[in-house]
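Accompanying notes for the structure given below.
The values are calculated or read from the model by the stated rules, or taken from the named source; none is laboratory data. Bear in mind the structure is a predicted one, so any value in this text is a computation, not a measurement. Cβ atoms come from the backbone with ideal geometry, glycine included; neighbour counts cover every protein chain shown.
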Amino acid sequence: MTAVLVALATVVVIGWPLAFALTGRVLLGTLLAPLTAGLVAAVSAVLMIVVGGRLVFWLVPLALASFVVAFVVHRRQLGPSAPHAGPVDVAFFTVPLLAPAIDVLQSPISWDSHAIYWTRAGAFTQDSAFVRYHLGDVVYRYSHTDYPPLVPASVATGWATGGVDFFSAQFVTTALTLSAIVMLAYAVRVATAGGPVWASRVAASAVALGVWTGAPLVLAAGYTDHLWTAAAVAGGLLLLLGSGPRALPVLLLTVAALTKNEGLIAAGIVAVVVTARTWRAPLRAAPVWVPVGAGVLWSVVGRVFHAESDLLANGGGERIVQVLTVHPTMRFRFDQTVDAMWSAGGKLVAVAAVVAVVGALLLRPYRTRIGIGADWPLWAVLVLFGGALVFTYLISPHRLTWHLPTSIDRTMVPLLVLASASAACWAVTAVEAFLRPSLSPPPATVTDDGPAVPDDGPAVPDDGPARFEVPRQRESSESTVPTTRGAERP
């Protein structure tokens, strides 16, 4: 257990300065720290491969540089502190996760964890020459060496101080996953902040717990599907429905893009949808392409050193042509894939779609009143990723009678989380409609200072609040609004 604690402490210490600089909050920054540490480790791994040396040789100076950046940001009070991140909010983000997270104590024996992430973490404990050899060696092709380096580099970072230990690897990977899930809860809280406070907090907890809906037994076993999903959906929510500075959602999408290839696809889809929403001012969407660039950069590095995706191996180009020409084999594969997706959670997505349609018909004025953005961007991301998922199975080199049963419960997690986020936003809207059914403004009251102007909050267009502006909080003294770094909270 000492090795576990040392590894976790290493990850938190490396990541905390940047996390605090981004959020301006001690508690939220501590919870975000594993993800920022993962990015530092991933950048160190890329530099190690491209330039040379060992991981720790790059990790130490980058970690020190992050401390300097955090110090400068804190001293100059650059940007507002993260809203809706007080102690009560953080309790709603974290306490409900403690019970299911106990699975991290299971024996670290999961196949994918060892074969993919921890095998590659072992390579990152060696020098750059070994890592380059590992990337291109056909013997290690089973290890998916084309996958991005964030998780194996993070595990290797923990091993650098605590020693090689598979429990440490499982705890570090789970810490990354739980950090992403907490950020997902925070994103839901920000997106629904204009509604009743208690409803917004409950919705945040519910969506976070909903991540366990798909493949719950492997979430804390070293797999990364829930990690990149939570990070990608959190970043998407903050960009499409939420508000605040761009740095946090861009960081979360970068985490997704550098965790798994599917995360890069999701980050690209979010970037496309955000760009489509801001097509009149395309430069506003430029930052959301940074995660895509990071993921593509890793893909180029991997290809240079002969890492190859299994989807493109063994006739991948021919299978793509068969998809484009609607070959009969692909029709059969399509039916198999859709049936498996429906059985693995498609019914829940359909229920969420019905909720979204009913909400759009009956509750849209209330949703506008509390400042939640339009729902269609979330469903655009969901549909596009669902299409990408179907395409992935169509061009898979494996028999679907094996590939689908061994993976569909994990690959459906993004669709389930997106659907639950949409439903949560409508649930908060429904609570608002129940508590304040009247859409007309209350009559003005007369005070000693003259007639008071009724204030139901800022006028918000149908697409939600102006991008990256924080909505007003109406109901709780415990919730916060953006304040200058270091200022007292009201």
Inset, instruction - Would you please name the residue that is surrounded by the fewest Cβ atoms within 10 Å (Cβ to Cβ), looking only at residues in region 275-288 that are more than 15 Å from the chain's Cα centre (by Cα), of a type in the set (A, V, I, L, M, F, W, C) and part of a helix (DSSP H, G or I)? - result: L283
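A129: surrounded by fewer than 20 Cβ atoms within 10 Å (Cβ to Cβ), at pLDDT 95 or above and farther than 24 Å from P291 by Cβ, yes or no? Don't jump to the end; show me each part of the working.
Values: surrounded by fewer than 20 Cβ atoms within 10 Å (Cβ to Cβ): yes; at pLDDT 95 or above: yes; farther than 24 Å from P291 by Cβ: yes.
Yes, satisfied.
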Legend entry - Which numbered condition V272 misses (of (1) over 19 Å from the mean Cα position of the chain (by Cα); (2) surrounded by fewer than 18 Cβ atoms within 10 Å (Cβ to Cβ); (3) of a type outside the set (S, T, N, Q); (4) part of a helix (DSSP H, G or I)): (1)
Inset, instruction - Please identify the pairs in which a residue from region 412-426 that is part of a helix (DSSP H, G or I) has its Cβ atom under 9 Å from the Cβ atom of a residue that is of a type in the set (K, R), counting only partners at least 6 apart or on another chain. - result: C425/R367; W426/R367
Inset, instruction - Hey, can you tell me all the residues within region 155-176 that are within 20 Å of the chain's Cα centre (by Cα) and among the hydrophobic types (A, V, I, L, M, F, W, C)? - result: V155, F171, V172, A175, L176
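From the list A247, A215, A230, which residue is under 20 Å from V172 (Cα atoms), touching a residue at least 60 places away in the same chain (Cβ under 8 Å) and either surrounded by fewer than 24 Cβ atoms within 10 Å (Cβ to Cβ) or in contact with a His (Cβ under 7 Å, 6 or more places away or on another chain) (or both)? Break it down stepwise before answering.
Details: A247 fails: under 20 Å from V172 (Cα atoms); A230 fails: either surrounded by fewer than 24 Cβ atoms within 10 Å (Cβ to Cβ) or in contact with a His (Cβ under 7 Å, 6 or more places away or on another chain) (or both).
Answer to the selection: A215.
With the condition kept exactly as written, say whether any residue in region 196-212 is crowded, with 24+ Cβ neighbours inside 10 Å, in contact (Cβ under 8 Å) with a residue 24 or more places away in the chain and not in a helix (DSSP H, G or I).
Checked region 196-212: no residue is crowded, with 24+ Cβ neighbours inside 10 Å, in contact (Cβ under 8 Å) with a residue 24 or more places away in the chain and not in a helix (DSSP H, G or I).
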Inset, instruction - Having 2 or more residues that are hydroxyl-bearing (S, T, Y) and in contact (Cβ under 8 Å) with a residue 12 or more places away in the chain is the bar; report the helices (runs of 4 or more DSSP H) wholly within region 300-373 that clear it. - result: 364-369
Inset, instruction - Would you check if R364 is basic (K, R) and over 26 Å from the mean Cα position of the chain (by Cα)? - result: yes
